[in-house]
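Worksheet: the structure to be examined is printed underneath.
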Amino acid sequence: AIQQKFDEGSYSFIFGTYASYTTATFNLSIEKIVEHDVAIRSVNVSNSGCSATSSVSYVIANDGTLDAEEYAVSVVCNVNGAAVANETLPAIASGATLTRTFENVALAEGNNTIEIVATLAGDETPENNSGEATATRNMVVATYPFLENFEGDEPFNWTANPANSW
């Protein structure tokens, strides 16, 4: 068998056997057919506010031509680089998508980078196996923000200065 390698680009072909001939230009795009490939399409985080936990949902797709068998795909949820949850998925048919959610994912105060990483044995395009989102957990104020006691020895003052009496 003879194989011809084509790179993406324009190609000219000449048709006919006489001096008057026709040329045609083609724009070819050569792509490999991928049998094993899962991809994280999106990662969404519920608005956490002051809560110490959040829900993280993600959409995973099977972009391969073969089905991803049950228990063949594992998914890890990382928060700021540390794994906090994982699961093994049911079968995903070729061309299908699946939406899943990790509940009660612990967050640190401030901005948190949430990363979802999928693993499939023999995945031919691993560069699409992860996705990220950001969740912000607001600081919790656990102490009263004033330095002086309103019920101390000076019962009618906001501060120790009597000129501020109510």
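The values are calculated or read from the model by the stated rules, or taken from the named source; none is laboratory data. The structure presented is a predicted model; accordingly, all values stated were derived computationally and were not measured. Note that we place each Cβ from the backbone using ideal geometry, even for glycine, and neighbour counts take in every protein chain shown. Areas reflect the complete protein model, heavy atoms only, side chains present, ligands, DNA and RNA absent. Shrake-Rupley method; radii C 1.70, N 1.55, O 1.52, S 1.80 Å.
Data table
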quantity	calculated
Surface accessible to a 1.4 Å probe, Glu31 within the full protein complex, Å²	150 Å²
Semi-axis lengths, Å, region 67-134, gyration tensor of Cα atoms, sqrt of 5 times eigenvalues	24, 13, 10
Separation of the Asn47 and Asn80 label points, Cα + 7 Å toward Cβ, nm	2.3 nm
Surface per residue (accessible, 1.4 Å probe) for region 80-127, Å²	55 Å²
Cα-projected label distance for Thr119 with Met139, points at 7 Å along beta-carbon direction, nm	3.8 nm
Paramagnetic label zone (point 7 Å from Cα along Cα-to-C-beta, Ile33; backbone N under 20 Å) in region 59-80	62-69
Accessible surface of Arg41 - all protein chains present, 1.4 Å probe, nearest 10 Å²	130 Å²
